[in-house]
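In what follows, a single structure is set out as structure tokens and then discussed.
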Amino acid sequence: MKAITSTPVNEIIANRRSPRSFDAAAEISNQDLIAILEAARWAPSAFNGQPWRFFVGKRGDELFSQILSSLGEFNQMWAKNASALVLVASTTVKADGSVHHDYQYDCGLAVAQLSIEAHDRGLIVHQMTGFDKEIARRELSITPDLVPVVVIAIGKQDAPEKLSGPLLEREQAKRERLSLSEIVIKGLPA
């Protein structure tokens with residue numbers, strides 16, 4: 001379902017969603033996964049610090065199971081069908097040793113580019129902060145210098161009707177965003 005935008009935008013952005021109905025039989029190629037990660041790698045970052053670090057599991061491997069185990073129960077119900085799970089962690093200290101207060105912003109830019117690349121390749125992406133960072137640390141042996149930020153499910157879209165209850169309701173919910181007049185506090189062009 002294409003977004004109803006106030007002015008035309010790139011088709012990938014207009015069509016992008018965060019579905020939960022993943023095709024459990026679909027596999028992601030190494031070529032697509034590497035390209036998706038490469039898109040994230042080239043995201044802008046403050047002082048070119050590139051604080052993001054990725055833990056990448058493909059469905060069926062141990063890393064996928066470890067990442068999945070860190071998700072909340074609601075997210076595990078559907079994320080188990082994704083072709084890949086990526087946990088994004090970040091450094092919190094800049095190269096000069098000072099605190100990187102904006103690492104989450106930089107990671108968000110990398111995840112945004114990852115998402116656009118995945119959607120351009122006919123895949124879907126769903127980002128989750130509903131995960132236990134301590135379980136992720138333990139399961140993935142994440143070093144103390146990294147902070148878990150987000151988990152991303154990547155795969156092929158499946159029929160929404162394969163979901164039920166609250167999952168189906170969320171999948172079929174109308175796409176809505178605040179209007180530009182609500183989010184541009186000052187300076188919205190007429």
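The values are calculated or read from the model by the stated rules, or taken from the named source; none is laboratory data. Owing to the predicted nature of the structure, the values given are computational and were not obtained by experimental measurement. SASA here: full protein model, heavy atoms, side chains in, ligands and nucleic acids out. Shrake-Rupley method; radii C 1.70, N 1.55, O 1.52, S 1.80 Å.
Probe radius 1.4 Å, ligands and nucleic acids ignored: give me the carbon and sulfur share of the accessible area of the chain as a rounded percent. Intermediate results must be reported in sequence, preceding the final value.
On the way: 5920 of 11020 Å².
Ligands and nucleic acids excluded, carbon and sulfur give 54 percent.
Rounded to the nearest whole Å³, what is the per residue volume of the convex hull around the Cα atoms of the range 132-187?
Enclosed volume per residue, from the Cα hull, is 204 Å³.
Regarding the range 1-88, what is the average projected area of its C-alpha convex hull, in nm²? Show your work: numbers first, answer last.
Working: hull surface 31.6 nm².
Approximately 7.9 nm², given one-decimal rounding.
Anyone know which of Gln31, Gln104, Gln127 comes out most mobile in the 10 Å Cα GNM of the chain?
Gln31
Using the heavy atoms of the protein chains alone and a 1.4 angstrom probe, what is the accessible area of the range 51-190 per residue in square angstrom? List each step's numbers first, then the result.
Details: 7740 Å² over 140 residues.
Here the residues of the range 51-190 average 55 Å² of exposed surface.
Between the range 140-177 and the range 61-104, what is the separation of their alpha carbon centroids in Å?
Answer, in whole Å: 12.
Below 24 Å Cα-Cα, how many Lys pairs turn up in the chain? Only count pairs eight or more apart in sequence, or on different chains, if you could.
13
So how long is each side of the chain along the principal axes, counting just the alpha-carbon atoms, biggest first, in Å?
Cα extents, longest axis first: 46, 44, 30 Å.
For the range 12-57, what's the radius of gyration and Dmax over Cα atoms, in angstrom?
Here Rg and the maximum Cα pair distance are 13.9, 41 Å.
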